Amino acid sequence: MNICIIGAGYVGLTTSAALAEFGHLIHCVDINSEKIQKLQNGNVPIYEPQLKELICKNSDKITFSTNLPDSIQKCTVIFVTVGTPGLTDGSTDLSFLQSVFTTIAQHLQSYKTIIIKSTVPPGTNQKMHQYLLAKGVSPFMYNIVSNPEFLREGSAINDMFHPDRTVIGIAEDDKRSEVIIRDIYQSLSSPFIVTSWNGAEMIKYASNAFLATKISFINEIARVCDFYGADVLDVAKGLGADPRIGPLFLQAGIGYGGSCFPKDLQALQHIAAAKLVKTPILDAVHEVNSTQLEWYIKKLQEELPSIQDKKVTVLGIAFKPNTDDIRHSPAIALIQKLHSLGADVHTYDPKASLPADLRHIAIQHKSLKSSYIDSEAVIIATDWPEICQLDWKHVQAHIKGNLILDGRNCINREEVLRFGLNYKGVGRG
Ligand code: UGA
């Protein structure tokens, strides 16, 4: 099948690579000519495990271009994977999506299945349908399908091939799209959940909000654990053993970040407020997340009352491991906070870099081992495998102080203690 994918970001590129692997012919389009040129030259502009390899492997089935009208003509199926950033009032910026639909309206000459994969607030698929009608496009020329993605950065390729579910939202009178979508995804064995447009849109927001809720819940429990000498890892294990709760997303830490949870939670609060629905649970999830770092900084200050001019090393810059994405990264917020307290901040990340405007507030090292030499404290901010498996003997021999703050509860406490270092985790002493 000839498939047009609009937007060469995380979702668009992962979808392109996977659908090409399924055997489809992919026309991936983006307005950013620099990005497209890189892709045409075989360079993938983001770090995502296996993505480059998969794009390379399927290079005969994927073309990259900036020519959207041409790709619309060539394809019967169009995936829309453009960004939908959050605005300061919590609403969602749909301008990229809107502009895609303007081009589709201008160039639609044969029947298309238009699949919206971008995360969009309930009512958006309906709105785009109304827009095409208002532009004079015949309703017999297209169907719009909502097909939200559940890809995690860092394991997006795996998630594409092994999804828990495939959600599709279709219009009531749409008798064609379900068959087409099932055909596109025929290599997958996951269950299909077929619902309305608004149902599919809500599933996406509710999923991210629930996962964020689990994280804030365990972070709140970690705060209490600290005062009662309970280890939050044991608590999470005991809690997660109940199948009604489940063990995932109960890793206490310095809070969630990324381009999805903060934005999607805010968007859900916003759309609820627009209908005068109160969201006390979502409000609390946000409140815990936005104060989690402060709690953790207090712990650092208890151990190191004055950090003015003290060398402190923050390990990790990315918002999570296996990505170079730094959007809403708690590690960056931590670096900024330490800088504002007067610390001499050093940092290291295997893939991510400090943004240009923050390079003056911390020194980013090229190697893990050089980053902590003579530091008073080492703080783990991102649970990269390389950081979780630090050589504690080397750390002990080269740091000036002895404080190890495990902001992701990802290192072996006993081993750290064995080398005479002072271990502080989140909700575990
Ligand atoms: C999230 C969802 O997990 C995906 O299902 C969804 O498709 C995606 O958003 C999206 O909307 O596109 P992602 O933001 O890539 O994926 O990353 P997560 O693995 O969910 O992690 C988000 C944040 O939560 C990270 O900062 C991570 O460190 C933190 N986290 C995660 C915790 O603090 N504790 C946990 O137990 C799990």
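Highlighted here are the helices (runs of 4 or more DSSP H) found entirely within the stretch 1-68 that include at least 3 residues which are under 26 Å from Arg182 (Cβ atoms): 10-21, 51-57. If I filter the stretch 195-203 for residues that are closer than 30 Å to Glu53 by Cα, free of Cβ contacts under 8 Å to residues at least 40 places away in the same chain and more than 14 Å from the ligand (Cβ to nearest atom), do I get at least one hit? No, that holds for no residue.
Residue by residue, here is whether (1) over 22 Å from the mean Cα position of the chain (by Cα); (2) surrounded by fewer than 19 Cβ atoms within 10 Å (Cβ to Cβ) holds:
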residue: Asn198; (1), (2): yes, yes
residue: Ala206; (1), (2): no, yes
residue: Phe210; (1), (2): no, yes
residue: Ser216; (1), (2): no, no
residue: Ala222; (1), (2): yes, no
residue: Gly229; (1), (2): yes, yes
residue: Leu233; (1), (2): yes, no
residue: Pro243; (1), (2): yes, yes
residue: Pro247; (1), (2): no, yes
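When Pro350, Pro385 are checked against the criterion of being within 16 Å of the ligand (Cβ to nearest atom), touching a residue at least 12 places away in the same chain (Cβ under 8 Å), touching a Leu at 6+ places or on another chain (Cβ under 9 Å) and over 20 Å from Gln292 (Cα atoms), Pro350 stands alone in meeting it. For beta carbons closer than 7 Å, sequence separation of 6+ or different chains, a first residue in the stretch 231-260 that is among the charged types (D, E, K, R) and a second that is more than 10 Å from the ligand (Cβ to nearest atom) and open to solvent by 70 Å² or more (accessible area, probe 1.4 Å), there are no qualifying pairs.
Each row is one residue, and each column tells you yes or no for (1) surrounded by fewer than 17 Cβ atoms within 10 Å (Cβ to Cβ); (2) touching a Phe, Trp or Tyr at 6+ places or on another chain (Cβ under 6 Å); (3) farther than 24 Å from Gly154 by Cα.
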| site | (1), (2), (3) |
| --- | --- |
| Thr14 | no, no, no |
| Glu21 | no, no, no |
| Ile36 | no, yes, no |
| Lys57 | yes, no, no |
| Ile62 | no, no, no |
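Residues in the stretch 69-92 that are open to solvent by 20 Å² or more (accessible area, probe 1.4 Å) and either assigned to a helix (DSSP H, G or I) or farther than 28 Å from Pro321 by Cβ (or both): Pro69, Asp70, Gln73, Lys74, Thr76, Leu87, Thr88, Asp89, Ser91.
Filtering Ala377, Ala352, Ala362, Ala331 for residues that are within 24 Å of Cys260 (Cβ to Cβ), touching a strand residue (DSSP E or B) at 6+ places or on another chain (Cβ under 7 Å) and among the aliphatic types (A, V, I, L, M) leaves a single hit, Ala331. Entry remark, the stretch 295-327: residues being within 16 Å of the ligand (Cβ to nearest atom), open to solvent by 30 Å² or more (accessible area, probe 1.4 Å) and farther than 20 Å from Lys263 by Cα number 2 in total. Applying the selection to the stretch 247-263, what residues are assigned to a helix (DSSP H, G or I) and within 6 Å of the ligand (Cβ to nearest atom)? Within the stretch 247-263, just Phe261 meets the criteria. Looking across the stretch 391-420, just one residue is buried (at least 19 other Cβ atoms within 10 Å of the Cβ), away from the ligand (no atom under 16 Å from the Cβ) and in a loop (DSSP other than H, G, I, E, B), and that is Ile399. Among residues of the stretch 142-156 that are under 22 Å from Ile72 (Cβ atoms), those with a beta-carbon under 6 Å from a residue that is within 8 Å of the ligand (Cβ to nearest atom) at least six positions away or on a different chain give the pairs Glu149/Val11. Of all the residues that make up the stretch 165-196, how many are crowded, with 18+ Cβ neighbours inside 10 Å, closer than 30 Å to His286 by Cβ and among the hydroxyl-bearing types (Ser, Thr, Tyr)? Result for the stretch 165-196: 1.
Restricting Ala362, Ala356, Ala333 to residues that are of a type in the set (Gly, Ala, Ser), at pLDDT 95 or above, open to solvent by 20 Å² or more (accessible area, probe 1.4 Å) and touching a helix residue (DSSP H, G or I) at 6+ places or on another chain (Cβ under 8 Å) narrows the list to Ala333.
The values are calculated or read from the model by the stated rules, or taken from the named source; none is laboratory data. Computed from a predicted model, the values in this text were never measured in an experiment. Glycine gets a Cβ as well: all are built from the backbone with ideal geometry, and neighbour counts include every protein chain shown. SASA here: full protein model, heavy atoms, side chains in, ligands and nucleic acids out. Shrake-Rupley method; radii C 1.70, N 1.55, O 1.52, S 1.80 Å.
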